[in-house]
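Structure first, then comments.
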Ligand SMILES: Nc1ncnc2c1ncn2[C@@H]1O[C@H](COP(=O)(O)OP(=O)(O)OP(=O)(O)O)[C@@H](O)[C@H]1O
Ligand SMILES: Nc1ncnc2c1ncn2[C@@H]1O[C@H](COP(=O)(O)OP(=O)(O)OP(=O)(O)O)[C@@H](O)[C@H]1O
Ligand code: SF4
Ligand SMILES: [Mg+2]
Ligand SMILES: [Mg+2]
């Protein structure tokens, strides 16, 4: 297998204080939203990024597409380093990497009709032959009838807007689709249709998917590999089947056991933090998950755990793994 | 006592170039005092439209609105804008589906969270303190410091939590939550659901909870309504709906839940066919085209069959379709 995307030791910071304010408050002047993340995406596979809300998933996705600058590390796509490229140099790459944004309605221009939204990628790349036919096919792919072309974003339901943004991303048959919560707001039947559609494209054209999602049920069924993020780092990474069968990091086990089942009165599980909720401004010492961990030992408070690899295909960083 | 929210025969249509789109047709739904009611339904079936009808925020191209929406004995259909606005500020709060459109991009969240407490007689610093307290309840890290940040500086799930915290701050009689947990990870989602239940216990409010996450609905809601293409097709207790569903749409929907399928699947189950055209609404049962159970009688509109007290399904076969 050849890697299509290689993310190596990527660091992304956001400024939060001016230098002076930082000195006065004794806080850092920036937060590390992504703190040294590496992973490899095989061509034609589906990779899932899961993790805490605020752990840096969207930021990482935006950085891969060049929407956020990275401060350390490097991103390689199809054998070429794309991090740090100029806007002009990125243009060619943009055609091959499409992004489905987390915010469905907000990411569609309110003044454009669905037709105009779907026509845009074709126009930008000068592929305007049979435009109406192409748009009709895209709508059909995502299960919307042709008359939706005349609608404006505010006239769509949340799930219909989501499907339009999926259609737009797939328009130019990109090599890599980065999908940020692509099925949030879809009912389970349409969610199934969208995931089946992605799998279809994968089979026909070898499309590669990087999927960010909180929906663990989706991950289990569609992702070949997955990474679990916590406070800007990957804490566990490996084959999806392995991680679901035998999660090792204690955050992963907590996450998997919190997955709500459609059974009334089924017990659910909550992980609480002792003291303050861990944050990027106040990264806990030692294992950064320790303030919330039910299995911590003394060492977890002081030393950051090393990455372990129980097999060539599985890595995690935990002092007291499951 | 009468229910807090009592919707009867509600129909709403939108004017479109192709003709009137009948987004809601003859909807009946009640939410008792202190009750948490869930709504589940196909994307585009009218859940957000139902909410917008309750709170008087239907879009400009709305055509006819018929029927009744009773709120604590008051009729909301046709209520003057000012009275509606007052009700929205004081008694009914909504967590909207899209947090980015609900938050003002040019104001800090601190400013937005103090402004929403306008009814409270308290100093600004007291209001800020309460804002921080509620942000901490929804597990916002560094709540105090982040009050001066703008919405775009937060992650998707953080924005959603800000909206939830803002809604809780207003201590409403009726809280309407339109998919409030779509951007939250599983552990946070459970916490938010427990928070909603606590709130409901503490201040005794009623909650209308819309979600595609069947697990979340099962966890939180006492009663559940299933909507399909602008109609409520089944309602009952969470136990009725999840253990003994009687409408074929409900049954198909539950079968599609990937959470129920234990083995990894190459192809996920779906409900073949698509939502009927709401401009030319077909005769008879609205689910007929996609229904595996349909028979000759389904060309006629099905009656509301009472399966047991409190459990209704609008299907000709509702009595026969027992749990297997
Ligand atoms: N302003 C409008 N003009 C025309 N049609 C509209 C308008 N707003 C909504 N619709 C249509 O009305 C139907 C109901 O929309 P609504 O937003 O209520 O669905 P929903 O159940 O909330 O769906 P979702 O789960 O996808 O958010 C949809 O078919 C939608 O396309
Ligand atoms: N423009 C920005 N300025 C400052 N901080 C930012 C900015 N964008 C994101 N952040 C911060 O970076 C961190 C990571 O955010 P990100 O959106 O990547 O999280 P996420 O993993 O996608 O979370 P979610 O699941 O909630 O969407 C958060 O603490 C967020 O507040
Ligand atoms: S009335 Fe007929 S078509 Fe409609 S859901 Fe029941 S069996 Fe199916
Ligand atoms: Mg995100
Ligand atoms: Mg909606």
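The values are calculated or read from the model by the stated rules, or taken from the named source; none is laboratory data. It should be emphasised that the depicted structure is a prediction, and the values quoted were computed from it without experimental measurement. Cβ placement follows ideal geometry from the backbone for every residue including glycine, while neighbour counts extend to all protein chains displayed.
Checking A:28, A:69, A:3 one by one, the residue that is at pLDDT below 95, closer than 26 Å to residue B:108 by Cα and under 19 Å from the mean Cα position of the chain (by Cα) is A:69 and no other. Taken over the stretch B:292-319, the criterion of being without any contact (Cβ under 8 Å) to a residue 12 or more places away in the chain and either within 14 Å of chain A (Cβ to nearest Cβ) or in a helix (DSSP H, G or I) (or both) is satisfied by B:296 alone.
Residue count for the stretch B:25-57 under the criterion of being over 13 Å from residue B:6 (Cβ atoms), more than 8 Å from ligand 1 (Cβ to nearest atom) and in a strand (DSSP E or B): the result is 6. Within the span defined as the stretch A:186-208, one or more residues are more than 14 Å from chain B (Cβ to nearest Cβ) and either within 16 Å of ligand 4 (Cβ to nearest atom) or under 28 Å from residue A:12 (Cβ atoms) (or both). Please go through the stretch B:78-110 and pick out each residue that is farther than 30 Å from residue A:186 by Cβ and either within 13 Å of chain A (Cβ to nearest Cβ) or buried (at least 16 other Cβ atoms within 10 Å of the Cβ) (or both). Those that are farther than 30 Å from residue A:186 by Cβ and either within 13 Å of chain A (Cβ to nearest Cβ) or buried (at least 16 other Cβ atoms within 10 Å of the Cβ) (or both): B:79, B:84, B:87, B:91, B:108, B:110. Candidates A:117, A:166, A:135: the one that is closer than 21 Å to residue A:196 by Cα and at pLDDT 95 or above is A:135. Output yes when any residue across the stretch B:126-133 is modelled with pLDDT under 90 and more than 16 Å from ligand 5 (Cβ to nearest atom), and no when none is. Among the residues of the stretch B:126-133, not one is modelled with pLDDT under 90 and more than 16 Å from ligand 5 (Cβ to nearest atom), which makes the answer no.
Within the stretch B:111-142, the residues that satisfy the criterion of being within 14 Å of chain A (Cβ to nearest Cβ) and closer than 24 Å to residue B:182 by Cβ are B:134, B:135, B:136, B:137, B:138, B:139, B:140, B:141, B:142. With respect to the conditions (1) within 30 Å of residue A:276 (Cα to Cα); (2) over 23 Å from the mean Cα position of the chain (by Cα), residue B:82 falls short on a single one, namely (1). Scanning the stretch B:271-291 for residues that are at the interface with chain A (Cβ under 7 Å from one of its Cβ atoms) and surrounded by 20 or more Cβ atoms within 10 Å (Cβ to Cβ) yields a single hit, B:271. Across the stretch A:231-239, a minimum of one residue is classified as surrounded by fewer than 24 Cβ atoms within 10 Å (Cβ to Cβ), more than 10 Å from every other protein chain (Cβ to nearest Cβ), within 16 Å of ligand 2 (Cβ to nearest atom) and assigned to a strand (DSSP E or B).
If the condition is being more than 8 Å from every other protein chain (Cβ to nearest Cβ) and either within 16 Å of ligand 1 (Cβ to nearest atom) or without any contact (Cβ under 8 Å) to a residue 40 or more places away in the chain (or both), then the stretch B:144-159 contributes B:144, B:146, B:147.
Every residue, every condition in (1) part of a loop (DSSP other than H, G, I, E, B); (2) closer than 29 Å to residue B:225 by Cβ, yes or no:
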| position | (1), (2) |
| --- | --- |
| B:59 | yes, yes |
| B:77 | yes, yes |
| B:82 | no, no |
| B:86 | no, yes |
| B:97 | yes, yes |
| B:100 | no, yes |
| B:127 | no, no |
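For the stretch A:114-128, the set of residues classified as more than 21 Å from residue A:201 (Cβ to Cβ) and not in a helix (DSSP H, G or I) consists of A:126, A:128, listed by residue number. Contact map, the stretch A:136-148: residues that are closer than 13 Å to residue A:115 by Cβ and more than 9 Å from every other protein chain (Cβ to nearest Cβ) paired with residues that are more than 13 Å from ligand 1 (Cβ to nearest atom) and outside any helix (DSSP H, G or I), Cβ distance under 9 Å, separation 6+ or inter-chain. Pairs shown: A:138/A:171. Can you say whether residue B:260 is more than 16 Å from ligand 3 (Cβ to nearest atom), facing chain A (nearest Cβ under 10 Å), closer than 26 Å to residue B:320 by Cβ and surrounded by fewer than 20 Cβ atoms within 10 Å (Cβ to Cβ), as far as the supplied structure shows? Considered against the rule, which asks whether it is more than 16 Å from ligand 3 (Cβ to nearest atom), facing chain A (nearest Cβ under 10 Å), closer than 26 Å to residue B:320 by Cβ and surrounded by fewer than 20 Cβ atoms within 10 Å (Cβ to Cβ), residue B:260 comes out as yes. Restricting A:31, A:117 to those that are surrounded by 20 or more Cβ atoms within 10 Å (Cβ to Cβ) and within 16 Å of ligand 1 (Cβ to nearest atom) reduces the list to A:117.
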